[in-house]
Amino acid sequence: MDDEQQAPGAARAHGPLAGFTVGVTAARRADELGALLKRRGATVLHAPALRIVPLADDSELLAATKELLDHAPDIVVATTAIGFRGWVEAADGWGLGEALLARLRAVEILARGPKVKGAVRAAGLTEEWSPSSESMAEVLDRLLAEGVQDRRVAVQLHGEPLPGFVEALREAGAEVVGVPVYRWMPPEDIGPLDRLLDATVARGVDALTFTSAPAAASFLNRAEERGRLPDLLTALGHEVVPACVGPVTALPLQDRGVPTVQPERFRLGPLVQLLCHELPSRARTLPVAGHRLEIRGHAVVVDGDLRPVPPAGMALLRSLARRPGWVVSRADLLRALPGAGTDEHAVETAMTRLRSALGAPKLIQTVVKRGYRLALDPASADAKYADG
């Protein structure tokens with residue numbers, strides 16, 4: 001059986017994300033996302049990049065609601081299901097719920113996508129139109145096509161001001177009223193976020209997930225505040241996979257030149273399934289000493305058997321795997337060790353532990369007075385260099 005045929009069996013035995021570490025930045029539904037990832041074998045590091053201001057305490061929302069009750073809008077744009085529900089619930093808490101619903105029944109409602117449409121209908125209202133794409137760009141195209149000159153448009157904001165959307169409406173002659181249903185603010189305890197940032201820069205995570213544009217922007221802003229933005233962008237551009245739930249979430253990263261991966265359906269389940277394919281496909285797989293060696297984030301799969309490896313051992317193994325079959329000196333391996341000192345005995349100690357963790361000592365050969373090498377199978381090595 002060839003390597004491609006064996007791989008799915010190994011992944012099923014331990015979960016497709018076993019041996020990988022995934023960072024979760026979500027404040028909302030983080031437990032659900034974390035559970036989905038852990039169920040598939042991942043180690044999860046969670047650090048909310050933001051916190052949500054409680055709706056009932058938000059004076060800006062109260063002021064915007066009263067303004068719309070006093071001066072009716074022509075159009076209301078509902079952008080998120082949780083935001084729309086929260087707006088109605090907050091209005092109920094202020095004794096304005098019935099008045100708000102009565103006002104909304106008399107205006108044109110546009111709902112951004114199926115989930116928002118469901119929230120609108122759950123409130124006893126009916127939307128005029130909803131795009132299947134969940135794209136604010138499509139909502140904007142619809143508004144501009146029907147004309148907004150001298151029309152009053154209320155836009156339910158979802159944690160960020162949507163400047164391009166609002167500016168385009170105003171340039172087309174609309175009066176735009178922002179409805180800040182919930183606001184994002186930095187987390188009260190910044191420590192976990194800093195630890196996740198440091199782990200990302202150090203390649204201690206294999207993927208970083210984002211479920212909202214404000215969270216992505218907050219993560220980048222915190223990196224900039226700490227002077228770590230260049231290192232973060234380098235990590236996200238190479239070894240660490242930035243996975244976003246959809247194109248709107250990805251915008252802050254893409255604005256910084258970071259390529260992202262996104263599922264076709266903008267939901268948590270498809271996001272996790274995307275990582276189940278993406279991370280194993282990036283794992284290095286080598287035929288070594290008659291065994292199949294797959295190098296994952298913090299573990300190695302040897303012939304389908306998942307074997308956790310300490311950080312020092314993973315550093316040595318990755319250094320050897322950069323040029324499989326070639327001898328790597330003790331001095332070079334020492335430089336690869338985390339917190340490397342000057343004593344090459346540290347390499348021997350870490351190598352002993354690595355071999356023990358792998359469970360197959362002959363995978364790594366000692367070359368006397370020169371260093372160590374991965375015992376790449378000769379047939380594989382011959383084929384590789386014959387192709388070159």
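So here's what we get for this one:
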| item | result |
| --- | --- |
| Members of the range 273-305 found to be of a type in the set (D, E) and more than 18 Å from the chain's Cα centre (by Cα), listed by number | E294, D303, D305 |
| Qualifying residue in the range 356-372 (condition: part of a helix (DSSP H, G or I), farther than 13 Å from L293 by Cβ, touching a Gly at 6+ places or on another chain (Cβ under 7 Å) and not polar (S, T, N, Q)) | no |
| Where a residue in the range 57-76 is free of Cβ contacts under 8 Å to residues at least 40 places away in the same chain and its partner, wherever it lies, is among the aliphatic types (A, V, I, L, M), with Cβ under 8 Å and at least six apart | L62/A90; K66/L96; L69/L96; L69/A99; L69/L100 |
| Filtered residues of the range 12-43 (kept if of a type in the set (A, V, I, L, M, F, W, C) and either part of a loop (DSSP other than H, G, I, E, B) or under 19 Å from D189 (Cα atoms) (or both)) | L17, A18, F20, V24, A26, A27, A30, A42 |
| Single unsatisfied condition, A289 versus (1) in contact with a Gly (Cβ under 8 Å, 6 or more places away or on another chain); (2) open to solvent by less than 60 Å² (accessible area, probe 1.4 Å); (3) under 26 Å from P324 (Cα atoms) | (1) |
| Whichever residue in the range 198-240 is of a type in the set (D, E) and part of a loop (DSSP other than H, G, I, E, B) and, among such residues, is least open to solvent (accessible area, probe 1.4 Å) | D206 |
| Extreme residue, farthest from the chain's Cα centre (by Cα), among residues of the range 78-106 that are in a loop (DSSP other than H, G, I, E, B) and touching a residue at least 40 places away in the same chain (Cβ under 8 Å) | T79 |
| Exclusive hit being without any contact (Cβ under 8 Å) to a residue 60 or more places away in the chain, farther than 23 Å from A72 by Cβ and touching a strand residue (DSSP E or B) at 6+ places or on another chain (Cβ under 9 Å), set P114, P131 | P131 |
| Qualifying position, being at pLDDT 95 or above and open to solvent by 30 Å² or more (accessible area, probe 1.4 Å), among A99, A123, A154, A174 | A99 |
| Qualifying residue in the range 146-153 (condition: small (G, A, S), in contact with a Pro (Cβ under 8 Å, 6 or more places away or on another chain) and under 18 Å from A174 (Cα atoms)) | no |
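Matching residues to (1) more than 21 Å from the chain's Cα centre (by Cα); (2) exposed (fewer than 15 other Cβ atoms within 10 Å of the Cβ); (3) at pLDDT 90 or above:
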{"residue": "E160", "(1), (2), (3)": "no, no, no"}
{"residue": "R170", "(1), (2), (3)": "yes, yes, yes"}
{"residue": "Y182", "(1), (2), (3)": "yes, no, no"}
{"residue": "G191", "(1), (2), (3)": "no, yes, yes"}
{"residue": "R195", "(1), (2), (3)": "no, yes, yes"}
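The values are calculated or read from the model by the stated rules, or taken from the named source; none is laboratory data. Quick caveat, the model's predicted, so the values are computed rather than measured. Note that we place each Cβ from the backbone using ideal geometry, even for glycine, and neighbour counts take in every protein chain shown. Ligands, DNA and RNA are stripped out before the accessible areas are found, and what is left, the full protein with its side chains, is counted by its heavy atoms. Shrake-Rupley method; radii C 1.70, N 1.55, O 1.52, S 1.80 Å.
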